1. Fewest Cβ neighbours within 10 Å first, please rank Asp79, Asp101 accordingly.
2. Hey, quick one: spin label on Lys74, modelled 7 Å out along Cα-Cβ, who in segment 9-44 has an amide N within reach, i.e. under 12 Å?
3. Arrange Asp62, Asp42, Asp86 by Cβ neighbour counts within 10 Å, fewest through most, would you?
4. If you rank Lys107, Lys20 by fewest surrounding Cβ atoms within 10 Å, what's the result?
5. Gly45's amide H: which non-local residues (gap 5+, or another chain) put their own amide H closer than 5 Å, with H modeled 1.01 Å from N in plane and none for Pro or chain starts?
6. Quickly work out the His13-to-Asp62 label distance, labels modelled 7 Å from Cα along the C-beta direction, and quote it in nm with one decimal.
Amino acid sequence: MKEEKYDWHKATHDKTPYGKELAKKVADYLEKGGAIGNVHRDYCGMGLIAQDNIYYYCSIFDGYFLEDDIRFTKEDFIDWLAVQNDYTMSLKEKGNAWDTDNQVITKERLVNLPNPIELDRILSKKQNN
């Protein structure tokens, strides 16, 4: 019997927008010091963070946010995140197999926010730029 392999690059994604209510919840979470992202060695995927009333969506490497980030005011962040969905956040449209579905932001992650984590290490890179 041939073993079937799961091809995560061909996964289907929910295209339902996250909506304003969830976007506001995430913005408030980030404003209180929470961060959404992975912290480990090498590429850590995409993350969300707020610092000094600026909201960021960016890549994370070795636990540090990279400079390819997108910056928003709180209001603009809420408007942007509200229209996103698991397909747009999957990075599938980027056309790069490495990025597609690789530690990306998903509705499940946004709905199940952890307690805010210690951000000193993550923020230190931003403060030095």
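1. The most exposed by this proxy come first: Asp79, Asp101.
2. Flagged as within label range: 24-33.
3. Taking fewest neighbouring Cβ atoms as first place, the list is Asp42, Asp62, Asp86.
4. If I rank by nearby Cβ atoms, fewest first, I get Lys20, Lys107.
5. For Gly45, the qualifying residues are Ile60.
6. 2.8
Quick note: the coordinates plus some simple rules give every number you see, no bench work behind them. Please read these numbers as outputs of a predicted model, since none were measured by experiment. Counting neighbours? That spans all protein chains shown, and the Cβs are built from the backbone with ideal geometry, glycine included.
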